[in-house]
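Undergrad: Supplied in structure tokens, the structure appears directly below.
The values are calculated or read from the model by the stated rules, or taken from the named source; none is laboratory data. Predicted, not measured: the structure shown is a model, and the values here were computed from it. FYI the Cβ positions are ideal-geometry reconstructions off the backbone, even for glycines, and counts take in every protein chain you see.
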Protein chains: 2
Amino acid sequence: MELGIVGMGRMGAGMARRLARGGARVIACDHDKTAREALADEAGVECVEGYAALAAQLAGERVILLMLPAGAPTEDALRELLPLLSAGDTLVDGGNAFYRDSMARALELSQRGLRYIDAGVSGGVHGLAHGYCLMLGGTPRSVEIFEPFARILAPAPETGWLHCGPSGAGHFAKMIHNGIEYGMMQALAEGFALLAARKEFEFDPGRLAETWRHGSLVRSWLLDLCAEILKQDEDLESVAPVVADSGEGRWTALESVELGVPAPVITMALMARFSSQGGSDYARRLLATMRASFGGHPVQMK
Amino acid sequence: MELGIVGMGRMGAGMARRLARGGARVIACDHDKTAREALADEAGVECVEGYAALAAQLAGERVILLMLPAGAPTEDALRELLPLLSAGDTLVDGGNAFYRDSMARALELSQRGLRYIDAGVSGGVHGLAHGYCLMLGGTPRSVEIFEPFARILAPAPETGWLHCGPSGAGHFAKMIHNGIEYGMMQALAEGFALLAARKEFEFDPGRLAETWRHGSLVRSWLLDLCAEILKQDEDLESVAPVVADSGEGRWTALESVELGVPAPVITMALMARFSSQGGSDYARRLLATMRASFGGHPVQMK
């Protein structure tokens with residue numbers, strides 16, 4: 001029971017460790033020496049630098065898990081890996097690729113006799129300890145091949161991983177998962193912002209979040225995180241009020257438009273992130289100037 | 001260790017049972033015979049019909065918990081109860097009152113020598129088994145008096161209940177809690193709606209929700225509920241697409257306006273409920289007619 005993993009970032013390294021501790025032989029591949037050295041302490045993980053070494057170390061029908069950022073890094077890795085693979089090998093893309101790209105990739109790889117699984121992976125840096133939630137898309141046979149590894153990676157052998165459907169279904173499910181996450185995170189953030197703004201009550205937001213974790217309807221893993229964060233620093237004044245986004249929220253909003261099915265809260269959470277990135281600044285300048293033009297209201301200049 | 005509870009609805013009855021099972025003597029008051037009879041099986045709960053009997057059954061400085069719908073039912077009960085109470089008695093309002101009303105009530109009652117706690121209670125019908133999350137507002141002494149009961153009602157003696165701050169802070173915290181809940185619920189509902197609409201994947205939403213419960217970033221009690229619901233009936237075709245709202249969401253949106261602190265997702269979730277109630281219908285008719293007027297687009301007639 002052996003597999004290769006490409007990409008020893010936070011997710012890939014955690015998954016390599018969890019698989020090794022679960023009894024798998026793991027060949028971990030990363031071009032970066034520091035990333036490889038960080039795994040030197042993990043018995044059961046062998047690190048290699050290049051794809052040729054990775055392919056050579058794996059016998060029989062290989063299983064290779066790609067844990068790389070979606071887009072160019074994953075594309076480039078695939079292009080370099082492909083000539084080294086043989087019919088019957090299984091590639092599992094654990095990055096956050098757009099599901100239509102994954103559908104196209106599955107088709108392309110199947111024409112070379114290769115198996116492909118699009119794997120949505122959730123769990124973040126806590127996955128090593130608690131297990132990863134896996135949403136798998138692909139043929140039943142491909143998923144059967146990957147199942148022994150899914151059973152180790154998931155929180156328990158029978159829970160937290162699912163064959164969601166045909167190719168694309170895994171990354172689609174992950175996209176929706178992340179869209180929901182955008183909305184939930186924004187709802188929590190707005191609530192705590194209102195609590196902090198109503199100063200006369202002098203709320204202790206960390207203690208309130210901790211209280212909500214027990215018995216309340218909003219208890220959730222994201223609330224657990226908020227409690228941890230707010231107990232340490234309730235003002236967060238050293239953090240710039242800028243929230244990045246990374247593809248999945250945008251795709252969920254596009255999906256809503258394409259299907260004609262409203263997703264106002266998920267879309268609004270995405271728009272709020274764009275605003276935080278400065279995306280509303282031009283509109284704001286124009287609004288301030290319009291108010292000045294029609295009403296003589298003062299405009300704050302830079 | 002005894003207290004009275006007024007209102008044997010789902011919440012009140014569950015709390016009466018949990019308190020009795022935790023060792024308290026509970027005098028449960030409800031005008032409705034069926035509600036009283038439903039509690040006949042619970043040792044440690046004595047049911048009375050009227051407030052006079054309630055007041056007479058409690059000795060010394062009384063503690064009375066009101067578990068009634070906010071507004072008129074709570075107001076009426078207070079008006080009838082007040083003449084029967086004595087200085088030093090403690091009233092705990094576990095309904096979802098507006099926090100400013102609770103602040104005014106605390107002041108009014110303190111002028112009569114009565115103690116008042118505004119108690120936000122979360123947990124729903126599952127609270128009996130798992131405990132209720134309690135957010136308490138009031139003086140330290142009032143909360144100290146109620147503490148033995150809070151320790152039984154909460155999921156554990158030391159967790160899930162909090163003295164949030166002065167009068168009003170409990171109901172304020174509950175209001176924000178419910179606002180967050182609106183946003184989280186809407187995000188989940190939108191996500192599952194998109195999954196259902198992308199029919200070619202033939203997702204099993206109940207199994208996917210169950211999978212997300214383990215290790216994913218959206219795991220939450222509301223997701224647990226979704227998993228239960230969708231496993232039983234994924235289409236929900238017998239349910240009318242109308243979502244009620246009950247005060248707290250509106251107050252959270254008003255709070256956002258009053259403070260000038262944006263809560264776009266919570267507000268959008270509230271607006272989505274208004275739409276579901278038909279609140280958008282006039283605007284929709286006008287929009288359809290405008291499109292016909294400027295572009296000759298067909299209008300669907302009733």
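Undergrad: Out of B:228, B:234, B:258, I need the residue that is modelled with pLDDT under 95 and either over 16 Å from residue B:185 (Cβ atoms) or in contact with a helix residue (DSSP H, G or I) (Cβ under 9 Å, 6 or more places away or on another chain) (or both). Which one? Please lay out each step first, then the result.
TA: Values: B:228 fails: modelled with pLDDT under 95; B:258 fails: modelled with pLDDT under 95.
Exactly one of B:228, B:234, B:258 is modelled with pLDDT under 95 and either over 16 Å from residue B:185 (Cβ atoms) or in contact with a helix residue (DSSP H, G or I) (Cβ under 9 Å, 6 or more places away or on another chain) (or both), namely B:234.
Undergrad: In the stretch B:36-58, how many residues are among the charged types (D, E, K, R) and surrounded by fewer than 16 Cβ atoms within 10 Å (Cβ to Cβ)? Show your work before the answer.
TA: As a first pass, look at the stretch B:36-58 and keep what is among the charged types (D, E, K, R): B:36-37, B:41-42, B:46, B:49.
Those left that are additionally surrounded by fewer than 16 Cβ atoms within 10 Å (Cβ to Cβ): B:37, B:41, B:49.
Final tally of qualifying residues: 3.
Undergrad: Considering A:273, A:285, which residue is surrounded by 12 or more Cβ atoms within 10 Å (Cβ to Cβ), of a type in the set (Lys, Arg), more than 22 Å from residue B:267 (Cβ to Cβ) and modelled with pLDDT of 95 or more? Talk me through it step by step, then tell me what you get.
TA: Details: A:273 fails: more than 22 Å from residue B:267 (Cβ to Cβ).
Answer to the check: A:285.
Undergrad: Pull up the stretch B:127-165, narrow it to residues that are more than 7 Å from chain A (Cβ to nearest Cβ) and assigned to a loop (DSSP other than H, G, I, E, B), then point me to the one that is surrounded by the most Cβ atoms within 10 Å (Cβ to Cβ).
TA: Ranking the qualifying residues of the stretch B:127-165, first place goes to B:138.
Undergrad: Can you tell me which of A:196, A:209 is surrounded by fewer than 19 Cβ atoms within 10 Å (Cβ to Cβ), in a helix (DSSP H, G or I), of a type in the set (A, V, I, L, M) and more than 7 Å from every other protein chain (Cβ to nearest Cβ)? Talk me through it step by step, then tell me what you get.
TA: Values: A:209 fails: surrounded by fewer than 19 Cβ atoms within 10 Å (Cβ to Cβ).
The conditions single out A:196.
Undergrad: While we're on this one: Check A:58, A:66 and return the single one that is at pLDDT 95 or above and in contact with a helix residue (DSSP H, G or I) (Cβ under 8 Å, 6 or more places away or on another chain).
TA: On the way: A:58 fails: in contact with a helix residue (DSSP H, G or I) (Cβ under 8 Å, 6 or more places away or on another chain).
Step by step, each of A:58, A:66 is checked, and only A:66 is at pLDDT 95 or above and in contact with a helix residue (DSSP H, G or I) (Cβ under 8 Å, 6 or more places away or on another chain).
Undergrad: Another question about this same structure. Suppose we keep only residues that are touching a residue at least 24 places away in the same chain (Cβ under 8 Å) and assigned to a helix (DSSP H, G or I) within the stretch A:212-231. Which one would you say is surrounded by the fewest Cβ atoms within 10 Å (Cβ to Cβ)? Please lay out each step first, then the result.
TA: The first filter runs over the stretch A:212-231 and keeps only residues touching a residue at least 24 places away in the same chain (Cβ under 8 Å), leaving A:218, A:220, A:222-223, A:226, A:230-231.
From the residues that got through so far, the ones that are assigned to a helix (DSSP H, G or I) too are A:222-223, A:226, A:230-231.
Working: A:222: 20, A:223: 23, A:226: 25, A:230: 21, A:231: 14.
This residue is A:231.
Undergrad: Out of all the residues in the stretch B:279-298, is one or more touching a residue at least 12 places away in the same chain (Cβ under 8 Å) and part of a loop (DSSP other than H, G, I, E, B)?
TA: First, the residues of the stretch B:279-298 that are touching a residue at least 12 places away in the same chain (Cβ under 8 Å): B:288.
Retained after the next criterion (residues that are part of a loop (DSSP other than H, G, I, E, B)): none.
So far as the stretch B:279-298 goes, no, none of its residues is touching a residue at least 12 places away in the same chain (Cβ under 8 Å) and part of a loop (DSSP other than H, G, I, E, B).
Listed here are the residues, each with its yes/no results for (1) among the β-branched types (Val, Ile, Thr); (2) under 27 Å from residue A:251 (Cα atoms); (3) free of Cβ contacts under 8 Å to residues at least 40 places away in the same chain.
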site: A:81; (1), (2), (3): no, no, no
site: A:110; (1), (2), (3): no, yes, yes
site: A:130; (1), (2), (3): no, no, yes
site: A:134; (1), (2), (3): no, yes, yes
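Undergrad: Condition check: buried (at least 23 other Cβ atoms within 10 Å of the Cβ), not in a loop (DSSP other than H, G, I, E, B) and not aliphatic (A, V, I, L, M). Does residue B:191 satisfy that? Spell out the reasoning first.
TA: Working: buried (at least 23 other Cβ atoms within 10 Å of the Cβ): yes; not in a loop (DSSP other than H, G, I, E, B): yes; not aliphatic (A, V, I, L, M): yes.
So residue B:191 passes the test.
Undergrad: Provide a single number: the residues in the stretch A:82-139 that are within 26 Å of residue A:158 (Cβ to Cβ), of a type in the set (S, T, N, Q) and either touching an Asp or Glu at 6+ places or on another chain (Cβ under 9 Å) or modelled with pLDDT under 95 (or both).
TA: So the count comes out to 4.
Undergrad: Moving to a separate point now. Can you tell me which residue among B:243, B:239 is more than 10 Å from chain A (Cβ to nearest Cβ), out of contact with any Asp or Glu (no Cβ under 8 Å at 6 or more places or on another chain) and under 30 Å from residue B:99 (Cβ atoms)?
TA: Values: B:239 fails: under 30 Å from residue B:99 (Cβ atoms).
After ruling out the rest, the residue left standing is B:243.
Undergrad: Any residue that is farther than 15 Å from residue B:262 by Cβ, more than 7 Å from chain B (Cβ to nearest Cβ) and among the polar types (S, T, N, Q) - is there at least one of those in the stretch A:220-236?
TA: Looking for residues that are farther than 15 Å from residue B:262 by Cβ, more than 7 Å from chain B (Cβ to nearest Cβ) and among the polar types (S, T, N, Q), one finds at least one in the stretch A:220-236, hence yes.
Undergrad: Continuing with the same structure: Yes or no: residue B:68 in contact (Cβ under 8 Å) with a residue 12 or more places away in the chain, surrounded by 15 or more Cβ atoms within 10 Å (Cβ to Cβ) and outside any helix (DSSP H, G or I)? Steps first, please.
TA: On the way: in contact (Cβ under 8 Å) with a residue 12 or more places away in the chain: yes; surrounded by 15 or more Cβ atoms within 10 Å (Cβ to Cβ): yes; outside any helix (DSSP H, G or I): yes.
Against the criterion (in contact (Cβ under 8 Å) with a residue 12 or more places away in the chain, surrounded by 15 or more Cβ atoms within 10 Å (Cβ to Cβ) and outside any helix (DSSP H, G or I)), residue B:68 qualifies.
Undergrad: Of the numbered conditions (1) without any contact (Cβ under 8 Å) to a residue 40 or more places away in the chain; (2) closer than 28 Å to residue B:110 by Cα; (3) facing chain A (nearest Cβ under 9 Å), residue B:172 fails exactly one; give the number of that condition.
TA: That leaves (1) as the condition not met.
Undergrad: State all residues of the stretch A:115-128 that are closer than 22 Å to residue A:90 by Cα, in contact (Cβ under 8 Å) with a residue 40 or more places away in the chain and not β-branched (Val, Ile, Thr); if no residue qualifies, say none. Steps first, please.
TA: Initial filter on the stretch A:115-128 (closer than 22 Å to residue A:90 by Cα): A:115-122.
Narrowing the set further to residues that are in contact (Cβ under 8 Å) with a residue 40 or more places away in the chain leaves A:116-122.
If the condition is that a residue be closer than 22 Å to residue A:90 by Cα, in contact (Cβ under 8 Å) with a residue 40 or more places away in the chain and not β-branched (Val, Ile, Thr), then A:116, A:118, A:119, A:120, A:122 are the ones that fit.
Undergrad: Moving on to the next point. Restricting to the stretch A:14-54, what's the tally of residues that are free of Cβ contacts under 8 Å to residues at least 40 places away in the same chain, in a helix (DSSP H, G or I) and of a type in the set (A, V, I, L, M, F, W, C)?
TA: 5
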